[in-house]
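Right, one structure below, let's go through it.
The values are calculated or read from the model by the stated rules, or taken from the named source; none is laboratory data. Everything numeric here is computed off the predicted structure, so don't read it as measured data. When we count neighbours, we look across all protein chains shown, and the Cβ atoms used for this are built from the backbone with ideal geometry, even at glycine.
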Amino acid sequence: MHGERITKSKTDKVIDGVCGGLAEYFGIDPVLVRLVFVVLVFLDGLGLLLYIILVIIMPGAQQTGQSPKETIQENVKEISDRVKEAGEGLGHAFSNKTVQRHSKRAGWFGFLLILLGIFFLLNNLHLIPWVDRDLLWPIIIILVGAWLLIRRWS
């Protein structure tokens, strides 16, 4: 480890440079850091929560002279600007006629996500103890794969 401050990477970034910055600081492969976050995502979402916190509090290389409060304020503003741009981009995309034809698929995908959310909520509340959770993902993957093949052939 170095005596310097941990910062987001400017060059090794997939989303915001958090994993790249951690890898640079600790002198390890950034793929390993990313894998750790992915594994932590599957452990009750801990990786996602940790990543979001680091996106907010971790300074970029250009922010090293700022106070933590200034860094957080700047990061939150940058995140809100990116979300606003993404929202505007989605608005333009959905106003396009060709994308409107695909909205039916998006509706089905949204419906599937809602059903999965309800399932996991009921399962966590122990209201459906008769469902074997270990079989859920293989069944979902098989059904989605079959649906994609049927759509392709029809």
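Can you pull out every residue in the range 63-74 that is out of contact with any Asp or Glu (no Cβ under 9 Å at 6 or more places or on another chain) and touching a residue at least 12 places away in the same chain (Cβ under 8 Å)? Listed by number, the residues that qualify are T71, I72. Specify which of the listed residues (L43, L113, L49) is exposed (fewer than 10 other Cβ atoms within 10 Å of the Cβ) and either within 17 Å of the chain's Cα centre (by Cα) or at pLDDT 85 or above (or both). Exactly one of L43, L113, L49 is exposed (fewer than 10 other Cβ atoms within 10 Å of the Cβ) and either within 17 Å of the chain's Cα centre (by Cα) or at pLDDT 85 or above (or both), namely L43. Taking the range 1-40 as the search range and keeping residues that are under 23 Å from R82 (Cβ atoms) and among the acidic types (D, E), which one is modelled with the highest pLDDT? The residue in question is E24. Would you check if V99 is modelled with pLDDT under 80 and under 30 Å from I140 (Cα atoms)? Judged against the criteria, V99 is a match.
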